[in-house]
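Report on the structure given below.
The values are calculated or read from the model by the stated rules, or taken from the named source; none is laboratory data. Bear in mind the structure is a predicted one, so any value in this text is a computation, not a measurement. Every residue, glycine as well, gets a Cβ built from its backbone with ideal geometry; the counts of neighbours run over all protein chains shown. To get the accessible areas, we keep the full protein, side chains included, count just its heavy atoms, and leave off ligands, DNA and RNA. Shrake-Rupley method; radii C 1.70, N 1.55, O 1.52, S 1.80 Å.
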Amino acid sequence: MAGGEGTRLRPQTSNLPKPMLPLVGRPMMEHIVALLRRHGITDIVVTVAFLPNAIRSYFGNGSELGVRMVYATEESPLGTAGSVGNAKDELKERFLVISGDVLTDIDLTEVIAFHEKNGARATIALSAVENPLEFGIVITREDGAIERFLEKPGWGQVFSDTINTGIYVLEPEILERIPEGRAVDFSSEVFPAVLEAGEPLFGYVADGYWEDVGTTAAYLQAHEDILDGKVQVDVAGFELRPGVWVGKGSSVDPLAQIESPVFIGENCTIDRGAILGSYTTLGANVRVAERAEVRRTVIGENSYVGPAARVEGAVLGRSCDLRVGARIEPGAVVGEGCLVGKHAEVRGDVKVYPYKVVEAGAQVNASIVWESGGTRTLFGREGVQGIANVDVSPELAVRLAKAWASGFEKGSYITASRDTSRAARVLKRALMVGCNAAGVNVADLELATVPVTRHHLRSRGNRAGLTVRLSPDDPQSVVIRFFDDRGIDLSEGEQRRVERMYHREEFRRVTAGEIGDIDFSPRVIEHYTADVVEAFGLRPDAERHVKLVLDLSYGAASFVMPNLLSKVGGDVLSINPYAQTPGMIALDRVVSEARVAEAVRSSGADLGAIIDAGGERLTLIDGSGRVLNEDEAIMAFVGLSVDAGVTGRRVALPVTASAHTLRLCAERGIDVVPAPLSTSGLLEAAASGGVAFAADRRGGYAFPSFLPAFDAAAALARLMSLLGQRNDSLAEVVDAMPLMPILHDEVATPMEQKGLIMRTLMEQVAEEQADLVLVDGIKVVTGDGWVLVVPDPEDPVTHVWAEGADLPASSALASAYVQRIAALLA
């Protein structure tokens, strides 16, 4: 009997029939099939109704389990007896009826023997339970003959604790008592009719385990009973130690803490410092990240529990994704395919239905049933980013590349590159396959920095480019970035186009003869270096040699900088000069800054620099060992360029640029193009024409006449060339700058309230007749400073930047607007 919907178990059964719910890694019904086979019953008819294909596709004809299975489908609900009657063509001899959605090890051989001994027309297997109120009570004589039935009694009607288990041994004549074409139940109609007719009807009180897995609490209890050995079922995998079962292909870090009893399915990964408490069950392909804690919980296959996440006494469906610090409390149920954002909390007894997104930092106190799932967007701030092989898989990469490449003409060329990581390598290969399948050729640079990739596609005239590399913020995550024919990250409009094609699967499928090719471009770094030298007029015989301490962050810039620095001249001490993944993953930016600063001071160097692993962002340290903040570095670049007489008449700076930088530009007759905070928005401004220099406030510097994108190697070479023409040092240039007291704060803001907050704030400041800059968010210019309010595009926060005459003024201005937003939220 496998037709039930299991409504009390929703959302677990929202898109999965109840018999397919997993118990220690196998569907509930598979344990029933194994029980039947153990007792010599191998001819099985399965009655199906709700989502029948899920059952059919899994079990097939039953041959893999050593049985023969056929299916009888109910087009409309027929009740317990009606569904059996619907399968009467297969039932020509004595047969046994059993539910596919219970957990039991009752001795079926004994039940059948009892039936035969008494010559019964029907025998009902009975079980003694502590609380019979939710079940049908069956009262029998001493010989087992049934006297009466009582459906779901009150305590005043409880005369026995033996309940109907739904396991019946029946003679085929019983089918004559099942009317066709309507719903009929055994317990309420058929068996009372048999009893009234005086036909032999018996009950057999079985001693084995029986549990109606009808609620979430019962589902969790069933797992505990299996792990405690209270019920005889086959547990897949091997017993690592008493009470700890581990499936084939699973990896458990020696420093993970495993408390028995625990079941770990096939191909799971338990990272360093993770804790699996007792009575935890993991389906296949589950990953529990470092410092995550899971206790008394059932987690479905293909799920991910992020670093420091905590789950206790809960049930998670298939393909759930819990981010950093997420928390699921006892009694909660999270349906299939849900994303729980970082530091979000799902409170006890809350049900989150399938494919919903719980925002980062959210506290969910009520069930999420009908609310929009908030379809996960592919593109984030930097590109398509997610955990490697979890969010961003090779399958996703192939489809994504096909969606992107389908927008180009057949036979077009694109440029592809990666960093040193294995994750980037496998995903780049998948992306190239997708491009080839859409009829697009790929020039594979293999290992290259992001700027070299951009430069190659521009200089060769390729249609576009892509690169894959580890996220600088999370070594377990990867970022896929796409560039247009100018070498600039895709605009938001282009990102939406690719997403539409991806979700609609509107891919171009070319014929075999039109499939794209892959080639490997020679001397890429040499061509890049030559173009940098020509663009900036670099020469090694500057007035003075700049002494440099350079940290290459174990990135691909290690292949670029030696050749480029030889064209500039100067003495260089390199740190972390070899491209390698382990060093790149373990790198700590703060530690690197301190190390370079100390090396600068001890060696008497003029300059220290850190180039990130992607080759895009640059951190500067002056000769005194001072790490320059973003505004100091931008102002130094602008000031040095102006003094050298080489700056064009326009520069592109983000709307958060310091008022002192804007004043310096105004004094020198330089127009400032205000740009959005996003990388794509700023680089669009940089490529708008006539812009000589662009920078964000995160170490990105661009010279659009050479490349309208961030390039740390070119920026460093440019800076060394400018310093080589001066008698003073970078430290002296920075000392002459005014204080730039820009402060940043943020306010937690639910995603659905961001629009309302911004609209209301806009109305308020408009009434105050304030000077506004509306390039990105709302920038209010006051008499002695400014404040910028911008909703975050991904996280549920609103950002506030402020700059006043000094730090107290900046703090007061930021606090005023933080309180203003908080009041609007309230």
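Within segment 710-729, the set of residues being more than 47 Å from the chain's Cα centre (by Cα) and farther than 18 Å from MET635 by Cβ comprises GLY724, GLN725, ASN727.
Looking at the structure I just gave you, is SER729 open to solvent by 40 Å² or more (accessible area, probe 1.4 Å), among the hydroxyl-bearing types (Ser, Thr, Tyr) and modelled with pLDDT under 85? No. Would segment 769-779 turn up any residue that is under 37 Å from the mean Cα position of the chain (by Cα), charged (D, E, K, R) and open to solvent by less than 60 Å² (accessible area, probe 1.4 Å)? Taking every residue of segment 769-779 in turn, at least one turns out to be under 37 Å from the mean Cα position of the chain (by Cα), charged (D, E, K, R) and open to solvent by less than 60 Å² (accessible area, probe 1.4 Å).
Might you check whether a residue that is more than 29 Å from LYS351 (Cα to Cα) and touching a His at 6+ places or on another chain (Cβ under 9 Å) occurs anywhere in segment 182-194? Scanning segment 182-194, I find no residue that is more than 29 Å from LYS351 (Cα to Cα) and touching a His at 6+ places or on another chain (Cβ under 9 Å), so the answer is no. For segment 263-283, the condition holds for no residue, the condition being that it is of a type in the set (Phe, Trp, Tyr) and within 30 Å of TYR168 (Cα to Cα). Can you spot a residue in segment 776-791 that is over 25 Å from SER680 (Cα atoms), in contact (Cβ under 8 Å) with a residue 40 or more places away in the chain and in contact with a helix residue (DSSP H, G or I) (Cβ under 9 Å, 6 or more places away or on another chain)? There is at least one residue in segment 776-791 that is over 25 Å from SER680 (Cα atoms), in contact (Cβ under 8 Å) with a residue 40 or more places away in the chain and in contact with a helix residue (DSSP H, G or I) (Cβ under 9 Å, 6 or more places away or on another chain). In segment 596-609, which residues are touching a residue at least 60 places away in the same chain (Cβ under 8 Å) and open to solvent by less than 10 Å² (accessible area, probe 1.4 Å)? Hits for segment 596-609 are LEU607, GLY608, ALA609. Looking across segment 449-507, not a single residue is part of a loop (DSSP other than H, G, I, E, B), open to solvent by less than 10 Å² (accessible area, probe 1.4 Å) and of a type in the set (Lys, Arg).
The number of residues in segment 677-720 that are open to solvent by less than 10 Å² (accessible area, probe 1.4 Å), touching a helix residue (DSSP H, G or I) at 6+ places or on another chain (Cβ under 6 Å) and farther than 19 Å from PHE483 by Cβ comes to 2.
Note on segment 511-544: among residues that are farther than 24 Å from GLY614 by Cβ and touching a strand residue (DSSP E or B) at 6+ places or on another chain (Cβ under 6 Å), the one that is least open to solvent (accessible area, probe 1.4 Å) is GLY516.
Matching residues to (1) at pLDDT below 85; (2) touching a Phe, Trp or Tyr at 6+ places or on another chain (Cβ under 7 Å); (3) crowded, with 24+ Cβ neighbours inside 10 Å:
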| site | (1), (2), (3) |
| --- | --- |
| LEU573 | no, no, no |
| GLY583 | yes, yes, no |
| ARG589 | yes, no, no |
| ASP622 | no, no, yes |
| VAL642 | yes, no, no |
| ARG649 | yes, no, no |
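Residues in segment 681-693 that are touching a Gly at 6+ places or on another chain (Cβ under 8 Å) and closer than 14 Å to ILE488 by Cα: LEU682 alone. Here VAL213 passes the criteria (1) more than 29 Å from the chain's Cα centre (by Cα); (2) within 30 Å of ILE387 (Cα to Cα); (3) in contact (Cβ under 8 Å) with a residue 60 or more places away in the chain except the one numbered (2).
Screening VAL70 on (1) open to solvent by 50 Å² or more (accessible area, probe 1.4 Å); (2) over 28 Å from ASP225 (Cα atoms) shows it passes everything except condition (1). Kindly establish whether ARG429 is surrounded by fewer than 24 Cβ atoms within 10 Å (Cβ to Cβ) and within 28 Å of ALA613 (Cα to Cα). Taking the combined requirement at face value, the residue satisfies it. Checking each residue in segment 740-769 for being at negative phi and part of a loop (DSSP other than H, G, I, E, B) picks out MET740, PRO741, THR749, PRO750, GLU768. Counting the residues of segment 662-676 that are open to solvent by 20 Å² or more (accessible area, probe 1.4 Å) and outside any strand (DSSP E or B) gives 8.
Counting only residues that are assigned to a helix (DSSP H, G or I) and open to solvent by 20 Å² or more (accessible area, probe 1.4 Å), segment 3-19 holds 2 of them. If only residues of segment 800-814 that are farther than 10 Å from HIS744 by Cα and open to solvent by less than 60 Å² (accessible area, probe 1.4 Å) are counted, the one that is nearest to the chain's Cα centre (by Cα) is LEU813. Just so you know, in segment 369-383 the residues that are under 26 Å from ARG496 (Cβ atoms) and of a type in the set (Val, Ile, Thr) include one that is modelled with the lowest pLDDT, and it is THR375. Across segment 120-144, the number of residues qualifying as assigned to a strand (DSSP E or B) and modelled with pLDDT of 70 or more comes to 10. Apart from one condition, ARG626 fits all of (1) in contact with a Gly (Cβ under 6 Å, 6 or more places away or on another chain); (2) under 27 Å from SER810 (Cα atoms); (3) surrounded by fewer than 22 Cβ atoms within 10 Å (Cβ to Cβ); the exception is (1). Of all residues in segment 291-333, which are more than 23 Å from GLY273 (Cβ to Cβ) and part of a strand (DSSP E or B)? Result: VAL315, VAL333.
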